[in-house]
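J.: Please read through the structure below; I'll follow up with questions.
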Amino acid sequence: MPDNHPKIATSDSPSTTTTAAPSTGTAPPPKPKKTETPQAHRSYLWIWIVVILVLAIGGLTYYRKQQAAAQAAKAKAAAANRSVPITTATVHQGPIGIYINALGTVTPVYTATITTRVDGQIVSVNYREGQMVHKGDVLIQIDPRPYQAALTQAQGTLAHDEALLGESRIDLDRYQLAFNRNAIAKQQLDDQTQTVKQNEGSVKNDQGTVAVATTNLDYATIKAPIDGRVGLRLVDPGNIVTAGSTTALVVITQLQPITVIFSVAEDYLPQIQKQLRQGSKMSVEAFDRAQQTKLATGSLLTLDNQVDTSTGTVKLKAIFPNQDTALFPNQFVNTRLLVDTEQNASLAPTAAIQRNAQGTFVYLIKPDNTAAMQPVTVGTTDGSVAAVQGVQPGQVIAVAGFDKLQDGAKVSVSNASGGPNAPANSGSGTGAATGSSAKVRGNGTRSSGSSSGSGGSHQ
């Protein structure tokens, strides 16, 4: 049977047979060719620009970091080779006082508020404002004439009654002789005896009147009852004053000696009482408000008889000679009470004590002129000197030039006050305090030592 199907041509390749698709009469349309727009070309360009800038900035940053690290290494090496100028001091052994700090008030021993005891007109004021007066000095004179007249009158009455008394005594002697001769009756003698007694009573009364008049006359002259300083003038000549008035004519306060009252915590009471029982004269120093200037040195006089339960403190009174009148009544001062003295302590300047996160330390200066950090424990502080543990007497420490000083750094000693190892000042208990961390009135707290040299005492 004949084969009507069309034959499919095959290629001559032995391994591949290609079959031609049947023709449909029309060819397929050609695919469109892709073309790049100017917008796409510009976006690619910006991407490359950003990548190049990022790489350039990163490279520049890395270069600068490497350069800074190199410069830092060079500076560190130069600093290691360059010596740091410092000032030194030598730790030494000695005593140091243990103090209690408190805020006190200056109080005069005596304050005299003088008022008049008689009526009258003031004729003279014999003092200057602020004058130092002595006991017995005339301050104010009240018109004495009325009181002088009263005294004269009383004296006249006394003289009259004394004459009557003398006459009656003569008559009594006569009556006694007559009665002995039985010339008069016993009644006449007794009457004369009573007359003498009456006249004696009159004389005594007159003597009292004279004494009153003399006292009033004396009151007309107002004198200073104590030594001290006179305040501002309160009355003028011509003023009328009356007895019994509470208005002061003059006020005198004693300045030499003078006292200071201050309060300390009751915790220190056993220490203070122990010293007082032993008869020790406890030294007290008074400083100004800033604790920079010592005003006076005195001694503890006494303490109060009870503790203030509202504050837990007890009042103490110290007395000062005050020869230079540096202490003034009602003045606020900072006081330091010496309660004990620590012997054989290692003393170092407070300026040498430094602080960091680990605690307090000093820079020891070795014989090869290198600095080494040495941890220390600060004890009692007296002004610019502190007792420290961790260093030995004779060791040299730095007291200035800490800005560039590091552990192991080379140093060059440049003391301005003499030798290379100036000794620290001894804490003898008389040095001025250079600061205080407690200015609360009557707290009696102790301040521990610090690198700033604050005054205080060991906890």
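J.: Has the range 134-142 got at least one residue that is at pLDDT 95 or above, surrounded by 18 or more Cβ atoms within 10 Å (Cβ to Cβ), in contact with a Leu (Cβ under 8 Å, 6 or more places away or on another chain) and closer than 26 Å to residue 209 by Cα?
T.: Yes, there is a match, as at least one residue in the range 134-142 is at pLDDT 95 or above, surrounded by 18 or more Cβ atoms within 10 Å (Cβ to Cβ), in contact with a Leu (Cβ under 8 Å, 6 or more places away or on another chain) and closer than 26 Å to residue 209 by Cα.
J.: Restricting attention to the range 96-110, does a residue exist that is aromatic (Phe, Trp, Tyr), assigned by TED's automatic domain parsing to the domain that holds residue 391, outside any helix (DSSP H, G or I) and surrounded by 15 or more Cβ atoms within 10 Å (Cβ to Cβ)?
T.: For the range 96-110, residues aromatic (Phe, Trp, Tyr), assigned by TED's automatic domain parsing to the domain that holds residue 391, outside any helix (DSSP H, G or I) and surrounded by 15 or more Cβ atoms within 10 Å (Cβ to Cβ): present.
J.: Considering every residue within the range 185-202, establish whether at least one is more than 30 Å from residue 103 (Cα to Cα), assigned by TED's automatic domain parsing to the domain that holds residue 132 and outside any helix (DSSP H, G or I).
T.: Yes, there is a match, as at least one residue in the range 185-202 is more than 30 Å from residue 103 (Cα to Cα), assigned by TED's automatic domain parsing to the domain that holds residue 132 and outside any helix (DSSP H, G or I).
J.: Do we have residue 18 as outside the structural domain of residue 262 (by TED's automatic domain parsing), over 30 Å from residue 402 (Cα atoms), polar (S, T, N, Q) and at pLDDT below 70 here?
T.: The answer is yes for residue 18.
The values are calculated or read from the model by the stated rules, or taken from the named source; none is laboratory data. From a predicted model like this one, the values you see are computed outputs, not experimental measurements. As a convention, Cβ positions derive from the backbone with ideal geometry for all residues, glycine included, and neighbour counts pool all protein chains shown.
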